[in-house]
Each structure stands twice: as C-alpha cells, then as structure tokens.
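Values quoted throughout were computed directly from the atomic coordinates according to the rules given, and no laboratory measurement underlies them. Computed from a prediction, not measured in an experiment: that's the story for all the values here. Quick reminder, even Gly has a Cβ in these numbers, built from the backbone with ideal geometry, and neighbours come from all protein chains shown.
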C-alpha cells in the first residue's frame, strides 16, 4: 500500500511539472510592469485624441472631433486650437480629424501635415493637407493629396515623416477589401509623398503614391535605426498584424491573413492569432516596438528579433497612439471613441518611464 501511494504521488508531481512546462511554452506573452502606479496621467479631459507630436516642451494632440490640443508640459498651459479647413470635416465612425505631423521646419514655418475625412457629394473620402498655426487656430494652406477612399470605418489615417524625409500615410481599404489589391486605388495602402505633395521619383510604382499594398486598415508607422519601416494593421477577425514594410510588396489582404501564405504576398512579422488587439500607433526604441492597442486595452511591447510580446502598460482602457522621447513613453487613451467605457477625466495622456533594457 505504501508503495502504491509513492507511485501515485510521483505521477502527480510529474504531471504537474509537465503542465507548468506546457503552459510556459504555449503562453507567448510574458509578464511586465502593468500596474497603473508605474504610469501617471499628465493631461486630462481630452476628446478622442488621435495623434501625439511634440516640439521641445510643447505637445500637439489631434482630436478626432476636430481640434488640436496644444499643451506646454513645462508651464501646464493648455490651449484648444480650432481648425479652419477648406473642405468640411466629416465626423462619422472611425473618420474625422486623424493623423497630424509637424513639418521638419516647424520652428520657422509653423506648418504641419494633417489627414482628415470629408464628403465629396455622397462619397466619403480622406485628404492630406498642410496647415499653418496662427495664434490659437490652424488654417489650411493647401491640399497635398485628396480623393483617398474613405468610409464609416477603415480610413487608416496615420502620418509620419520618415528618416528619408518623405511623408508616409496609411490608408484603409474603405470597407471595399478588393481595393487593397488594386494598385490603381489609394485604398488599403501605405502611401509615400514628397513634402510638396509630388510623387517621389524612387517610389516602387512610377507615377504612383503607392509604397506597399494589400493592407486592411493600417494605423501605425515606425522606423528602426537602420531605416526599416514597421506598420500595424487591424485584422478581420483577430489576426491583427505587425508588418515589416518593403517598397512595392503585397501584404495579402483580402487574399491571405495570419499564417496563410501565397506566392507573391508577404506574411506578417507577427500576428495575434485568435486574440484581438486592434493596434494603432507604434513607437520604436532599441529593438522594441511599443504598440498602442484599442481592443487590447494596453501598450504592448514587441521584441522584433525574438517575437516576444509583453503587456507593458494597462489599466487605463483603450490606447490610440504612443511616442517615445529618451526614456519616456507617452500614450493617449480613446475611451470616448464610442467603443470604450469612459471614466472620470477621460480621455487622458499618460507618461511612463521606460524600464532599462
């Protein structure tokens, strides 16, 4: 009888060890500094902020509802800046006033690039414009690209100036998936422009703004120190993606997603499987992509070379954008975007000091 108990006890110990081992092998996420006390709210009562940019100590945050919040982090002075656009802002679903990027010569020109939704007759479209800061208002100088297909959802909207000095924009498929495979359409693409709105001579398709195609709803852009471009993209049903973008390549939507493969199409660097992130803005630092996720309600940390994922910041709700300056990470919530659960002081900009690598 004693021998039987010893055998049974040994089996239970072995089974338990195997269970722990299997769990650790299957769990792709590892724990991280996810407590709210590791972060602080530095700006409150925002109205669906979409993009964060910073000039010295001054932040500019585009709000989807149609204004820019100018906040001096040193003096704590907050100003609501109105927009004066030549075509009326169309606010519906995921559309509105989206991407915002200061011009490289902003100190002198006081100009910025913006991406917003508008209506052309009965059609929903998006456009990229140059704005100029004039006191507490941003006035449109001119459009650099119009007629980007839009819809209630899937408008893309991110703007970034790359290390090559070109302007990059993400455009969603405008709820017409097949347009992502049509190289004559601007929908479902990552676009690349000269700052004056002309087509760069070294774009992969002569005379076209299209830099890459086959995208569903890309919303994040970031470069590493070698100039490699990464983008985040919303999947159809989970299977959200992080892609390494190569000029002229086809990223598969709507033909493939997730682990599916087809000749001539690029598989994602990472996808979320059956988990939904709804990734939006991203930032890069020292081999790590920090990803603001909406449905994921967190900032995720993705190690490019190992594929390891960590929930880095959570507890504040939906996250829309993220930027990094030195050892500081800034992100904004989107709990007032119609899909979240707003709480007191929402929406908010948060500050978190990065852990040493």
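GNM, the chain, Cα, under 10 Å: largest mean-square fluctuation among 320, 336, 158?
Top of the fluctuation ranking is 336.
Length gain on complete extension for the stretch residue 303 to residue 41, per 0.36 nm per residue less the alpha carbon to alpha carbon distance?
In short, 91.7 nm is gained.
When the chain is treated as a GNM, springs tying every alpha-carbon pair under 10 Å, which of 346, 76, 240 comes out with the largest mean-square fluctuation?
Comparing 346, 76, 240 in a Gaussian network model of the chain, the most mobile one is 76.
What does the highest-first list of 322-330, 211-219, 260-268 look like by mean Cβ count within 10 Å?
By packing density, highest mean first, the sequence is 211-219, 322-330, 260-268.
So how much slack lies between residue 91 and residue 194, counting 0.36 nm per residue of separation and subtracting their Cα-Cα distance, in nm? Display every interim value, and only then the final one.
Working: separation 103, 0.36 × 103 = 37.08 nm, distance 2.76 nm.
Once the chain is fully extended between residue 91 and residue 194, it gains 34.3 nm.
So what's the angle, to the nearest 10 degrees on a 0 to 90 scale, between helix 2-26 and the longest Cα principal axis of the chain?
Its long axis makes an angle of about 10 degrees.
Please work out the Cα center distance from the range 85-112 to the range 134-197, rounded to the nearest Å.
Computed from Cα coordinates, the inter-centre distance equals 11 Å.
Give me D for the range 210-357 in µm² s⁻¹, whole number, from Stokes-Einstein with Rh from the Kirkwood sum over alpha-carbon pairs, 4 °C and 1.567 mPa s.
Working: Rh = 15.6 Å.
It comes out at roughly 83 µm²/s.
If I build a Gaussian network model for the chain, linking alpha-carbon pairs within less than 10 angstrom, which residue out of 239, 90, 305 has the largest mean-square fluctuation?
305
Averaging the inverse of every distinct alpha carbon separation and then flipping it gives the Kirkwood radius. What is it for the range 188-276, in angstrom units?
After inverting the mean inverse Cα-Cα distance, the result is 13.5 Å.
Just from its helices, what would the mean residue ellipticity at 222 nm be for the chain, if runs of 4 or more DSSP H residues each count -39500 (n - 2.57) and the sum is divided by every residue, rounded to the nearest 500 deg cm²/dmol?
-2500 deg cm²/dmol
For the chain, take the convex hull of the Cα atoms, compute a quarter of its surface area, and give me that in nm², please.
For the chain, the mean projected area of the Cα convex hull comes to 21.8 nm².
May I have the pair-distance distribution P(r) for the range 111-197, computed from all Cα-Cα distances with 10 Å bins from 0 and rounded to whole percent?
18, 47, 29, 6, 0
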